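Visitor: Got a structure for you, written out below as structure tokens; questions coming shortly.
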Amino acid sequence: MGLMQSQTSDDARARATLSPGPLLLLVVFAAFGGPLALAALYAPGAIEDVTRSGGLIAIVAAVAFVAPLAVWLRFSRDISSSGGLTAFVEAAVGRRVALVQAALWVASYTLYLLYTSAYVVYDVVPAFWPGVHHWRPLLAGIIPAVAALAVVSGRRVAFVVIGLLALGQLVLLVLLDVVAVQHAPGAAAFHGSTSADSGRALGGIATLFVCGSLPLFLGDEVRGGGRALNRLLVPAFLVTAIGVVLAVYPLAADPAFAHSHVPGLSLVRVDVNHAAGTAVGVGVAGSIMAVLLLEYVALTRLLHYVSGASVRAWVWRLGIALAVAGPVSVLLDPDKFYDRLIKPSLILLWLSQTIVVASFPVYLWRRDRLRAWHVLVTVIAVAVMVFGFANTVVGSSES
């Protein structure tokens, strides 16, 4: 039995009405990072000290993340629920541990909702709009309010917005990859290395895909349930992983790009023109905001699952918190607001995800389905999440 079985009438009507078609595929694609932000900003930052090995590191990192993805897919094959990851944990190890996992996950992503808009306005936008400085306080208030309005307006409106942001970043990701490949140094970018920096870069890129679990909280709203979602998660991950690899391996030829504020933007500006680079920068900002919208949606589903209050009630509560967070971040100093919230947010995220993947073999063992490869997948998946936790505790990280 789930944590909360009762449904209000509006929630019941929302169930199993999502078609696993092109729009939902774009939404799932946007969840992985979003992909353009990973390829143009986060992944290049992860390899900035080991650009010579960037191509090989990106490939191995993507392969390593297949383990957590496999755990999610196997759980999702059996369990389709608004509880998402929490429902997986509950089925494996019971309600009490599931509630702990849910509390960690909700706390993590609530913090993410609060600080992300400030990060976009004060850290990302200036890279493509140098004259934004006088407008930043206004944008810091407007952008989260618009994001809240998109979700409050209903699921279809929210998904159309996310889908458009996903489509735009897909086009720009292709542009970035084409430019990057033309800039490519060939096989030199796949140089192997066993240094500690390479290990950190590998783990840093592998953990970037973790938000790909967000669509799983739509399990009882998609026609076909978890199995239908699984058919979307796999191609979305593959496209993202390929996009990241193609974007970062050419940096071996020009390591200086990896140290720029938004590496993908700088590369496209130099190799194409200023307008194209600016478009990539705008796309990166939109990519991050698409993930924020998906996290908002996923939070409403999990909070409904745990509390029994309607999804609509949680949409409004979180929307108010998001809209208020913008002006508050300006008053409190946006840079400090972001710096103080990101570390606890990530620590909570890695703890919650570790519980999910660690419960996987217990789930299969209780059903007499545990095999040796399940144990291997669990070990790798736990290692990815523990790396994310350790890297956050000892340094700084972004997801």
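Read-outs throughout are calculated quantities, based only on the coordinates presented, and are distinct from any laboratory measurement. All figures in this text were calculated on a predicted structure; none of them were measured in a lab. Here the Cβ is made from the backbone with ideal geometry for all residues, glycine too, and neighbour counts use every protein chain on show.
Visitor: For the stretch 71-151, divide the Cα radius of gyration by the Kirkwood radius and give the resulting Rg/Rh value with two decimals.
Guide: 1.20
Visitor: Is there a quick way to get the dipole size of the chain? I mean about its Cα centre, with the Cβ of Lys and Arg at +1 and of Asp and Glu at -1; what is the value in debye to the nearest 20?
Guide: Roughly 1220 debye for the chain.
Visitor: Can I ask one more? Which one of 179, 117, 361 has its Cα pushed farthest toward the positive end of the charge dipole of the chain, where Lys and Arg give +1 and Asp and Glu give -1 at the Cβ?
Guide: 361
Visitor: Alpha carbon centre of the stretch 14-89 versus the stretch 113-179: separation in Å?
Guide: Here the answer is 20 Å between Cα centres.
Visitor: Does the stretch 296-365 classify as rounded, prolate or oblate by the C-alpha gyration tensor (a ≥ b ≥ c root eigenvalues; a/c under 1.5 gives rounded; else a/b over b/c gives prolate, otherwise oblate)?
Guide: oblate
Visitor: While we're looking at this one, here's another question. Using the C-alpha gyration tensor of the chain, what are the square roots of 5 times its eigenvalues, in whole angstrom, with the largest one first?
Guide: Equivalent ellipsoid of the chain: 32, 26, 19 Å, largest first.
Visitor: Rounded, prolate or oblate: which fits the stretch 120-174 when a ≥ b ≥ c are the square roots of the eigenvalues of the alpha-carbon gyration tensor, with rounded for a/c under 1.5 and prolate only if a/b beats b/c?
Guide: Note, shape of the stretch 120-174 comes out oblate.
Visitor: Round to a whole angstrom and tell me the spacing of the C-alpha centers of the stretch 332-379 and the stretch 229-283.
Guide: The stretch 332-379 and the stretch 229-283 have Cα centres separated by 27 Å.
Visitor: Related question: Would you kindly work out the equivalent ellipsoid of the stretch 32-189 from its C-alpha gyration tensor and give its semi-axes, the square roots of five times the eigenvalues, largest first in whole Å?
Guide: 31, 27, 16
Visitor: Another question, then. Once amide H atoms are built 1.01 Å from N in the peptide plane, which residues 5 or more positions from residue 18, or in another chain, come under 5 Å H to H?
Guide: Under 5 Å from the amide H of residue 18 lie the amide H atoms of 222, 223, each far enough along the sequence or on another chain.
Visitor: In which sequence would 317, 200 go, from the one with the fewest C-beta neighbours within 10 Å to the one with the most?
Guide: 317, 200
Visitor: Also: Put +1 on the Cβ of every Lys and Arg and -1 on every Asp and Glu Cβ in the stretch 15-394; which of 69, 278, 101 then has its Cα farthest towards the positive end of the dipole?
Guide: 101
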